[in-house]
Amino acid sequence: MELTAYENQMLEGAHGPAPRFAMEVLVKLGQIYGADRMVEVASAQIMAHYGSLHDAGLELAEKFVALGGRFIIPTTEDPLSICERHWRDIGIAEEYAAKQERLRQAVLTLGAQPVWTCTPYFAGNLPRFGQNVSWAESSAVSFANSVLGARTNRTPAGLNYCAALTGRMPRMGLYRPENRRGQVLVRVEAGELSSLDYNTLGLIIGKSVGNRVPVVEGLPDSAGVDDLKYLGAAAASSGVVALYHAPGLTPEAMAGDPFGGEEPLERLRVGRDELTAMRREMNTASGEAELGVVGCPHYSVPEMQQLAGLLKGQRLKPGRELWVYTSPTVYELAQGMGCVADITSSGARIMDGNCLIISPLGKTPFRTIITDSAKAAYYLPSEHEVQMIYAETAELVSALVGE
Ligand code: F3S
């Protein structure tokens, strides 16, 4: 691999032991994947949730701290595994919480911005079109690549720490323009789409295209940022889709032919029947919902407003819970707007800064869960042995409130 003088200095230890260790890892990775050189990355989105990094991730983060490492590019943080406000009341073990706290402290010492969210683009980490970044968490990666037109691979946790310490990643995968071309044409013929439809469409696309790049035609002009967020999150869950193009909506598809002058390798049509069938498939529960979960990916300010409107003046049924996942940044804004009060006075809890799927949900008594998120509906049954009801947000609220 060809390295710049600065990259060679890091590799030789001129900038300290932490960047040297990180560069050694990145150079080896680049050699394995045949990268010709490094790219400079403008920001990192890294993971610090103990629920998926476990002891190995904790050791790595603490090793970088012991080596005196500092993140040299703006680095934001994925959600934690537990909610600092509520972990005690929902039965999380002290030992688990203590390890999560050590991991949290380690990344703060390294210089991470404590946004604790999978939607860092709503919390100040907003790369521009064409900019290289190094992000982790599949929904955030999809959003960065597809909706913002930035460039990142689905960077594994440890490698992302290396990127944040050096500002570099090997030029491979989606950093190379030729790997960003569309491969599968998906024609959507289903008229106006609800929020749940975008989620469901993402599931269908992910299952059909795997790790290829879909070009999604026929999305209505009314598609909003949250709709595109859900589409990408779902496609990255049921498949390994890290980038999609949507002509008329996403920037790379508007800058030129998303297929780069080539014919699609495959064509796929999705109509109302396919959306209905997939929605049915995601419903695995036979009983009534005990727990509702929303905010996967984390709820935005408009979603908090919508939920507050649905819950205002209502109370959850006895024995029912509703957990709302969002970022601390959005929480603050929603609090200032009065949405937090409208949501919590119903009995719902706002779990800001953490994530249900990587939490120890299996330790709680809830076994039938209702959600408005395809990603949650897709992962929760396998991660936590629960049954799912998959529904629009308004249906979810109706199922949980009342006498
Ligand atoms: Fe975010 Fe956790 Fe869902 S990281 S996308 S809330 S699985």
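Just a few scattered comments:
- Ranked from largest, the principal axis spans of the Cα set of the range 5-177 equal 51, 37, 25 Å.
- Dividing the mean sequence gap of close Cα pairs (under 8 Å, 6+ apart) by how many residues the range 181-280 holds gives a relative contact order of 42 percent.
- The chain - accessible surface per residue (Å², probe 1.4 Å): 39 Å²
- Couplings 3J(HN,Hα) of the range 172-178, computed from phi: 8, x, 7, 6, 9, x, 5 Hz, in residue order, whole Hz [Karplus 6.51 cos²θ - 1.76 cosθ + 1.60, θ = phi - 60°; x for Gly and Pro].
- For H298, residues with placed amide H under 5 Å, excluding near neighbours: C118, T119
- Ranked by the mean number of other Cβ atoms within 10 Å per residue, highest first, peptides 186-195, 98-107, 348-357 order as 348-357, 98-107, 186-195.
- Counting only residues at least eight positions apart within a chain, or on another chain, the lysines with an alpha carbon under 25 Å from that of K63 are K28, K99.
- Between Y6 and F129, the contour length at 0.36 nm per residue exceeds the alpha carbon distance by 41.7 nm.
- Accessible area per residue was computed with a 1.4 Å probe on protein heavy atoms; H15 scores about 80 Å².
- Segment K363..K63, full-extension length gain: 105.0 nm, with 0.36 nm per residue of separation and the alpha-carbon distance subtracted.
- Placing dummy labels 7 Å off each Cα toward the beta-carbon, the span from M337 to A98 is 4.1 nm.
- Here R212 sits with roughly 60 square angstrom of accessible surface, probe radius 1.4 Å.
- Taking the helices alone, the chain has a mean residue ellipticity at 222 nm of -12000 deg cm²/dmol, built from -39,500 (n - 2.57) per DSSP H run of at least 4 residues and averaged over all its residues.
- Kirkwood hydrodynamic radius of the range 283-400, Cα pairs, Å: 14.0 Å
- Taking 7 Å steps out from each Cα toward its Cβ at N283 and E192 produces label points 2.2 nm apart.
- Short-range pairs are left out: with C-alpha atoms under 8 Å and at least six residues apart, the relative contact order of the range 283-400 is 36 percent.
- Here is the list for the range 109-198: chymotrypsin sites (Phe, Trp or Tyr not before Pro) lying in DSSP coil, each with at most 16 other C-beta atoms within 10 angstrom of its C-beta, are F129.
- For Q45, the amide hydrogen comes within under 5 Å of the amide hydrogens of T76, S134, W135, A136, counting only partners 5 or more places away or on other chains and with H modelled in the peptide plane.
- Over the chain, Cα pairs under 8 Å with separation of 6+ residues give a relative contact order of 17 percent.
- Max mean-square fluctuation residue, GNM over the chain, Cα-Cα springs under 10 Å, options A14, A391, A236: A14
- All lysines inside 27 Å of K207 as judged from Cα atoms, apart from same-chain residues fewer than 8 positions distant: K229, K375
- Two-decimal log10 I(q)/I(0) for the range 54-155, as the Debye equation yields it once each C-alpha is a single scatterer, q = 0.10, 0.12, 0.24 Å⁻¹: -0.32, -0.46, -1.27
- Taking label points 7 Å from Cα along the Cα-to-Cβ direction, S398 and E385 give a separation of 3.3 nm.
- Taking the Kirkwood radius as Rh and the Cα radius of gyration as Rg, the chain has a ratio of Rg/Rh equal to 0.98.
- Share of carbon and sulfur in the accessible area of the chain stands at 50%, probe radius 1.4 Å.
The values are calculated or read from the model by the stated rules, or taken from the named source; none is laboratory data. No experiment lies behind these values; they were computed from the predicted model shown. A quick note on method: Cβ atoms are made from the backbone with ideal geometry, for glycine too, and the neighbour counts reach across all protein chains shown. Ligands, DNA and RNA are excluded from the accessible area calculation, which covers all protein heavy atoms including side chains. Shrake-Rupley method; radii C 1.70, N 1.55, O 1.52, S 1.80 Å.
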